[in-house]
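Read-outs: derived from the displayed coordinates by stated rules, not from any lab. Since the model is a prediction, treat every value here as computed from it, not as a measurement. Ideal geometry is used to build each Cβ from the backbone, glycine not excepted, and the neighbour counts take in all protein chains shown.
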Amino acid sequence: MAWVVERAAGDLRETADMVAFRHSVFALPFAVLSLITAAHPGWPAPWVWLWVVVAMVSARTAAMAFNRLADHEIDAANPRTAGRSLPAGRLNRRFVWGVTAVAAATFVLAASMLNRTCLMLAPPTLVVLLGYSYAKRFTAAAHLWLGLALGLAPIGAWIAVTGRLDLRPFVLAAAVTLWVAGFDVIYSLQDEGFDREHDLRSLPVEVGGRRALALARLSHVGALAGFAVFATMAGGGWLRATAVVTAGALLFWQHRLVTPGDLRAVDAAFFTANGVLSIVMCLFFATAKATGW
């Protein structure tokens, strides 16, 4: 019996590593930010908080597990990713298919527990999330596709509270899409040579590293503008303005860290700067909501 428990615990740890659970820090804070902005003048009900978090975690788990299945052979061929759970043999495809199916079903269940509109939008949302896994095989716009996948989070959170569509979450979603696309371009610089050799599409492959970085900067300028517009639409105030200024400083720092010829700081640019950005913005917006400032 003990070995069964130990094996299950090991599979659970491997699964958390496979889906990069720590990267939830990118989308979840923006879902929370949208959630608390939509709940006016009060706060979301506890059950809404619960099912939104369940929906976010399960949707992301399904997307990441499916991505590992779709990229199994690619990951095995790439020295940077060959040590991941599937290509290294620590998990098998049947298990990962099971994780994908259970996570997708949990997402649909969570959506059904929120409201009818969320349930109706759950299947097309899954199509976007899972479809991203094949995007880089045929388009260099895969970075934007990934951005859209994360940008759906604030829209879904808004609908979870209100049950209807509104312009404001779409503004935030557009900003998140551009933000994610920009930092994904930076991250993809690591695989430029591999992607070119294996006929995979990315912006660095299409236009070269230097031009790709310039387009990433342009994408982040657009994201910052979107954050500023949403902050104004959410009620303005010095705390929300500070959130946007802080985001701008972090984006500037991120682009100071990486050049086409020096990728040593990609992890800091990818995870640290962007993780801090999303959390800080969420905290400032939450404080503004709580204090009315």
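Any residue at all in region 233-245 that is within 28 Å of Ala140 (Cα to Cα), buried (at least 21 other Cβ atoms within 10 Å of the Cβ) and hydrophobic (A, V, I, L, M, F, W, C)? No: region 233-245 contains no residue that is within 28 Å of Ala140 (Cα to Cα), buried (at least 21 other Cβ atoms within 10 Å of the Cβ) and hydrophobic (A, V, I, L, M, F, W, C). Quick check on my filter: what residues within region 146-169 are out of contact with any Phe, Trp or Tyr (no Cβ under 9 Å at 6 or more places or on another chain) and surrounded by fewer than 19 Cβ atoms within 10 Å (Cβ to Cβ)? The answer is Thr162, Gly163, Leu167. Of the residues Leu283, Leu250, Leu239, the single one that is part of a helix (DSSP H, G or I), closer than 23 Å to Val185 by Cβ, out of contact with any Asp or Glu (no Cβ under 6 Å at 6 or more places or on another chain) and not hydroxyl-bearing (Ser, Thr, Tyr) is Leu250. Of all residues in region 74-99, those that are of a type in the set (D, E, K, R), loosely packed, with under 15 Cβ neighbours inside 10 Å and over 23 Å from the mean Cα position of the chain (by Cα) total 2.
Scan region 200-221 and tell me whether some residue there is assigned to a loop (DSSP other than H, G, I, E, B), out of contact with any strand residue (DSSP E or B) (no Cβ under 6 Å at 6 or more places or on another chain) and more than 30 Å from Ala76 (Cα to Cα). No, region 200-221 contains no residue that is assigned to a loop (DSSP other than H, G, I, E, B), out of contact with any strand residue (DSSP E or B) (no Cβ under 6 Å at 6 or more places or on another chain) and more than 30 Å from Ala76 (Cα to Cα).
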